[in-house]
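Beneath this line is the structure, given in structure tokens, with notes to follow.
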Amino acid sequence: MSRREGRIEIDNRQLYRKLARIAVPISIQGVVSATLNLIDNLMVGFLGEAELAAVGIASQIYFIHYLILYGFTSGTATFMAQFYGAKDYKNIRKVAGFSIIVALCIAVVFFIGGFFFTDKILGIYSNDPRIIELAHPYVKIGTANFFFLAVSVPLEMAFKATQQTRVPLIVSTVVFSTNTCLNYIFIFGKFGAPAMGVAGAALATTIARFLEVLISLIFAHRKSNCFHGPYREFFGWKKEMVLRIVRNSMPTTLNELLWSVGQSMYVAAFSRIGTTAYAAYQAAASINSIFSFAAFSVGDAALILVGEKLGEGKSEETYLLGKKLLKIGTVLGIIVGLLLVVAAKPLVGFFSLTALGKTYAFRILVIYGLCMGLNLYNGINITGTLRGGGDTRFAMVAECSCVWIVAVPLAFLASQVLHVPIFIAVLMIKAEEVVKCIILTKRFISKKWVNNVITGL
């Protein structure tokens, strides 16, 4: 940062270097994680469209669970990033410990639901008995993942918040390699293992997630790490700290819960269009996630940089930083979106879909690509600036109201009333992003999101 004629300006070169150092590992890690999901879908897709659709609906409970964890840990990351800026490592450890304990409590709830009420949950997303039958073992076997993710996700967010972004990248690479190899063995019955089909994909993922926990804990326990310290420092939280974390994190948790349930409502709507249409949607979503994760790394980086700047007590500079990050992110989103459009047709060709299914998937990807710049602008505003500045309640209201008032009704209108093709339905729900953009821009300009959440702790 520099001052010129009494005005604060940003050192662009320094910002780009720091952004690259933080965002690039996050981006690669996101691509690796998304590719893991893509490989799962590709391998299962060789079994047929019904099997691919089954994994799609079975994944919804894990999708919701992950995003709840992401929401809560995003809230805690605000504190860890600001404590990191203040060089208060003891309180970083306390926040990390609290995050893991809460995540384990959430895991218990999801385990009970996933293990004991499997068919009722699957019935929300499909009325096809064949697909529910195929999805059943995937959910049952994978319930252990709730506990593994309860440790790995808080640690991943903690590494990112303290600018150790290479660690999640290393962990994800190992998990991806393990999951891919085990998928091949268990799905198709190689090297003496039985051919388990959809159940094999769940078993492979469960083993890989267990390995993820072990490696994450090894990195956290290194003496050079800011998380290294007496175990008691991860507990013994002060009442004021707990209350502040809860006040900040509950909106992000509720945000991701309502958003993820809203996304799963798209699945409930679109799966009823037909197996081919939903299989195409699932394939397109898997491909889109790779490009989205690559771009949305800027959002996570923005939270880290905004939090650090506020922790240093530089509120004025925080606003200018956020403004710069929004511009960078939007341009990046447009570029990545155009790449997705160009790559859409050859990538769809890897899936074992019917000719009609491939046409649908291609058109959905074109829509995703053309909307990527707008999506990323909104994502950085919510994840980076508003959450980084502790304005989590407004972020929740803005995003969830757009999902449930605009997108979800449009999804059911398109699929159940108008009976339009799947790609038209996807285009209709993108109206949500336009409305969200207007709301978030007004909030950003107001500067009401700029808050220091660690003062007095």
Legend entry - Filtered residue count, region 141-178, keeping only those that are touching a residue at least 60 places away in the same chain (Cβ under 8 Å) and over 19 Å from the mean Cα position of the chain (by Cα): 2
Legend entry - The listed residue being free of Cβ contacts under 8 Å to residues at least 60 places away in the same chain, touching a Cys at 6+ places or on another chain (Cβ under 9 Å) and either over 30 Å from residue 400 (Cβ atoms) or of a type outside the set (A, V, I, L, M) (or both), out of 373, 349, 337: 337
Legend entry - Members of region 253-268 that are within 18 Å of residue 73 (Cα to Cα) and aromatic (Phe, Trp, Tyr): 259
Legend entry - region 90-101: number of residues that are crowded, with 18+ Cβ neighbours inside 10 Å and out of contact with any Ser or Thr (no Cβ under 8 Å at 6 or more places or on another chain): 5
Legend entry - When residues of region 64-81 are limited to those that are in contact with a helix residue (DSSP H, G or I) (Cβ under 6 Å, 6 or more places away or on another chain) and of a type in the set (Phe, Trp, Tyr), the one farthest from residue 105 (Cα to Cα): 79
Legend entry - Flag if residue 10 is in contact with a Leu (Cβ under 9 Å, 6 or more places away or on another chain), over 24 Å from residue 234 (Cβ atoms) and at pLDDT below 85: yes
Inset, instruction - Please report, ordered by residue number, the helices (runs of 4 or more DSSP H) entirely within region 92-206 with at least 1 residues that are out of contact with any helix residue (DSSP H, G or I) (no Cβ under 7 Å at 6 or more places or on another chain) and at pLDDT 95 or above. - result: 166-188
Legend entry - Flag if residue 216 is touching a residue at least 24 places away in the same chain (Cβ under 8 Å) and among the hydroxyl-bearing types (Ser, Thr, Tyr): yes
Inset, instruction - Give the residues of region 287-308 that are buried (at least 23 other Cβ atoms within 10 Å of the Cβ) and in contact with a Gly (Cβ under 7 Å, 6 or more places away or on another chain), sorted by residue number. - result: 295, 296, 297, 298, 299, 302, 303, 306, 307, 308
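The values are calculated or read from the model by the stated rules, or taken from the named source; none is laboratory data. Computed from a predicted structure; not experimentally measured. Don't worry about glycine lacking a Cβ; one is built from the backbone with ideal geometry, like all the others, and counts go over all protein chains shown.
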